[in-house]
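Working notes, beginning with the structure itself.
Taken together, the values in this text are just the output of simple stated rules run on the coordinates, not laboratory data. These figures come from a predicted structure and were not determined experimentally. Using ideal geometry, Cβ is built from the backbone for each residue, glycine included, and neighbour counts are taken over all protein chains shown.
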Amino acid sequence: MDSWQSKYNQTATSALYLHIPFCSQKCFYCDFSSWSTRQDDSRMNNYVKALKHQLDEAAQLGLLSATKTVYMGGGTPSLLGQDAVDLAQHTSAIVNPDEFSIEANPDSLSDDLLASLTTGGVTRVSLGVQSFNDNELKKLGRIHSADLAYDRVLAAKEHGYDVSVDLMCAIPEQTESSWEFSLSRFISLGVNHVSVYPLTIEDGTALAKQTQDKDTPWNTYDVQADRMQAASKTLQAAGFERYEVASYARNQKSCKHNKMYWTGESYLGLGTSAASMLTAAEYDVLAKVNTSLPNRPLNAERARLVVLDAPRKIAEGASLFSTEFDVEFLTQKEAVAEDLMLHARLMEPISPALLEESEQIFGALRLHDVFDACVRDGLLVHVDAANSRTGASYKPTEKGWLLGNELYGRLWDLRL
């Protein structure tokens with residue numbers, strides 16, 4: 001069994017995230033770092049040039065020498081067209097990942113782009129479908145139709161990509177039957193991955209303004225829980241396994257990149273608002289060349305960074321060495337508590353290596369007191385050695401996922 005401590009001693013990141021902040025239109029519910037942008041806007045090309053330069057800088061520092069997965073997210077990376085291909089080619093020449101995902105919207109995913117992205121090493125396409133009901137799509141501010149979404153998913157599948165579809169529940173106009181229709185429509189596509197999310201009405205979004213002082217019976221906690229449970233039942237009956245609170249896969253097609261986030265691997269994020277999670281050693285390497293970064297406290301086990309540079313600054317040629325970051329340092333206790341909290345998003349039992357590390361850091365008695373309380377309250381289930389490949393452990397229940405904030409909060413409080 002590998003030591004969990006080895007994750008905190010990494011000197012090169014396991015995953016790379018590239019943030020593309022451009023969209024054809026801002027969706028009504030979106031609070032991500034993205035902006036409506038014309039297809040011919042020169043800032044997109046200049047932004048990609050800057051990201052390629054930052055990739056070169058990260059590679060020179062050795063931060064990408066162990067990278068196994070790449071995820072190009074947004075925004076709408078497919079809106080870049082040929083620039084997305086160029087960025088993928090440049091990235092793959094440096095990293096040569098096992099898995100390379102790109103997010104796309106149906107309205108900007110052409111056959112030509114699908115054919116070209118393979119030359120950049122892209123292996124996986126994640127399509128933002130959200131619903132297979134046109135009226136629901138309009139209420140979300142999506143600009144594609146249900147038929148176009150279906151066609152583009154099939155096209156990506158036919159081009160040989162591993163395909164994932166995003167679906168959203170507890171949305172305006174959605175009913176129990178329309179949700180079941182979207183799920184069955186997805187299943188008929190024959191792809192192997194889906195992510196299912198309940199809509200969150202975020203402050204400051206167009207949807208929040210539309211619903212201000214109005215009842216939203218379609219988005220209550222009970223409706224969200226019912227929709228997520230219906231999805232679980234329908235998808236598992238179709239052969240999908242729920243491997244993470246919001247994700248299902250079959251034929252071993254879970255997203256390797258997303259699992260990096262939940263299993264304590266370090267990752268580098270480039271582009272506006274992109275997040276990184278670095279070990280102390282990785283942070284020190286970056287801090288030596290980026291003098292705006294604060295000195296790392298001696299007790300810091302890892303650092304979380306978020307890029308503060310606006311798209312315009314990046315498009316003007318901002319270097320990784322001059323990038324401004326928001327930085328949060330985590331102590332050893334905080335890092336281990338965070339890993340427990342994130343691991344509880346997964347279906348698989350908490351790994352023996354993480355359990356051993358947690359017992360050493362928090363004390364076995366205190367740790368198992370917390371776990372046992374979670375079991376009594378139905379948030380976790382104890383997995384006996386006879387029923388687990390990894391020995392006695394714990395994993396979340398359906399209730400634990402539905403009451404995620406409660407479960408995650410208890411695990412995070414172990415740091416105190």
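Some notes on this structure:
- Label-to-label distance, residue 25 versus residue 66, with points set 7 angstrom from Cα along the beta-carbon direction: 4.6 nm.
- For the range 271-405, a Kirkwood radius taken over Cα pairs fed into Stokes-Einstein (4 °C, viscosity 1.567 mPa s) yields D = 75 µm²/s.
- Highest-first arrangement of 91-102, 207-218, where packing means the average Cβ count within 10 Å: 91-102, 207-218
- About its Cα centre, the chain has a charge dipole of approximately 220 debye under the convention of +1 per Lys or Arg Cβ and -1 per Asp or Glu Cβ, with nothing else charged.
- When the Gaussian network model of the chain links Cα atoms closer than 10 Å, the mean-square fluctuations of 247, 110, 42 top out at 42.
- Other residues with beta-carbon under 15 Å from the beta-carbon of residue 382 carry, at +1 per Lys or Arg and -1 per Asp or Glu, a net charge of -2.
- For the range 348-415, the square roots a ≥ b ≥ c of the C-alpha gyration tensor eigenvalues yield an a/c of 1.5 or more together with a/b not exceeding b/c, which makes the shape oblate.
- Qualifying trypsin sites (Lys or Arg not before Pro) in the range 33-93, where qualification requires a DSSP coil assignment and no more than 16 other C-beta atoms within 10 Å, comprise 38.
- Of every Cα-Cα pair in the range 11-259, the percent that sits beyond 22 Å: 55 percent
- Residue order, fewest to most surrounding Cβ atoms within 10 angstrom, among 20, 201, 314, 350: 201, 350, 314, 20
- Which label in (1) 128; (2) 187; (3) 143 gives the computed volume of the Cα convex hull per residue in Å³: (3)
- For the options 363, 239, 141, a Gaussian network treatment of the chain with springs between C-alpha atoms closer than 10 Å singles out 363 as fluctuating the most.
- Nearby aspartates and glutamates by direct alpha-carbon distance to residue 138 (threshold 12 angstrom, same-chain neighbours under 8 apart not counted): 173
- Of 79, 371, 141, farthest towards positive along the dipole that unit charges on Lys, Arg, Asp, Glu beta carbons give the chain: 79
- Relative contact order, percent, the range 321-407 [alpha-carbon distance under 8 Å, six or more residues apart]: 27 percent
- Fluctuation leader among 227, 376, 185 - the chain, Gaussian network, Cα springs under 10 angstrom: 376
- Gyration tensor (alpha-carbon) shape descriptor, the range 221-347, a/c threshold 1.5: prolate
- Cα shape, the range 1-150, gyration tensor, a/c 1.5 rule: prolate
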